Amino acid sequence: MPANREPTGVRKVLGIAGVAAAAWLILVLLAAVFQRQLIYLPSTATPAPPSDVEEVEFTTTDDLTLSAWLLGVEDPVSTVIVFPGNAGNRELRLPLARGLVERGHAVLLLDYRGYGGNPGAPSEQGLLRDAAAVREYLATRGDVDEASIVYLGESIGSGVASGLAAQVPPAALVLRSPFPELADVGRSAYPFLPVRTLLRDRFPVTRDLASYDGPILVVAGDADRIVPSRLSSRVAQEAGAHLVEIEGAGHNDLVLLSGARYLDAVDTFLRASVPAAAR
């Protein structure tokens, strides 16, 4: 009798292990197939433009016509292109834009393809095309000095801003809640999945920053659970950037989206970084 018990117990253990392995493989398969639905969370509705914005349009190299909002000021310190995070649309960034306008900066609020009524579907390559197109559009405007154009990337937008900076350097670069590469965020959130192997969209921030030698400001919240502040700190350290950490701020807290300390830090940094001749 005891001799028969051990094989039965072993079979049960093997059966449980087999079910667990099958469930894990299904989870991996689902993550691989639907990864972009997990990464990109667009608000697809077209936002109504308020009275203080200029609606602008530009065309990407793959023939998508995208809409954006421009908030201008007279004799701006800089013109800031905001590369947003993975959720919402440009309407949600209005408090950020208005706060920068109050401090003397013109702001262009970009919506990527698939966001804010724009055609197309988001991907790393697509977002980088959108970024290059909006930068090229700004360069054609007579009221924008190219030497004053700066990039501000939020979260996944830090990957977009860094990728563009490696190709078309701005006067200065602001990265809010950046990560060394997107896989680091995925591994933090899903430690049980082979994220680095599965990911198609990489956003290699630190690699791209190695090709940019201009001034960089990194802003992070020390209570951020989506992009842990240790990841943002690593970006700042490897890029030789100035780091501002906001105590008690989580990833989507207002203080880290458009709070006075954040805006003041950006304003101070840009006034010190943008060439006086461009103002």
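A short reminder: the numbers here are calculations on the coordinates, not readings from a lab. Keep in mind the model is a prediction, meaning the values are calculated, not measured. Every residue, glycine among them, receives a Cβ derived from its backbone with ideal geometry; neighbour counts consider all protein chains shown.
Please list the equivalent ellipsoid semi-axes of the stretch 86-146, computed as the square roots of five times the alpha-carbon gyration tensor eigenvalues, in descending order and whole angstrom.
Working from the Cα gyration tensor, I get semi-axes of 22, 17, 8 Å.
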Roughly how many debye, to the nearest 20, is the charge dipole of the stretch 43-278 about its Cα centre, given +1 on each Lys and Arg Cβ, -1 on each Asp and Glu Cβ, and no other charges? 760 debye
Can you work out the FRET efficiency for the pair Glu57 and Arg261, with r the C-beta to C-beta distance and R0 = 45 Å, to the nearest 0.05? 0.85
If you plug each phi of the stretch 171-180 into the Karplus form 6.51 cos²θ - 1.76 cosθ + 1.60 with θ = phi - 60°, what whole-Hz ³J(HN,Hα) values come out, in order, with x for Gly and Pro? 5, 7, 9, 10, 10, 9, 6, x, 9, x
Let me check against my output: what whole-number percent is the relative contact order of the stretch 73-112, with C-alpha pairs under 8 Å and at least 6 apart? 59 percent
Once you have a ≥ b ≥ c as the square roots of the Cα gyration tensor eigenvalues for the stretch 123-279, tell me rounded if a/c is under 1.5, and otherwise prolate or oblate according to whether a/b is larger than b/c. oblate
A student applying the Cα gyration tensor rule (rounded when a/c is under 1.5; otherwise prolate if a/b is larger than b/c, oblate if not) would label the stretch 162-237 oblate
Using modelled backbone amide H atoms (1.01 Å from N, in-plane), which distant-in-sequence or interchain residues come within less than 5 Å of Val174's amide H? Tyr151, Leu152, Gly153, Leu217
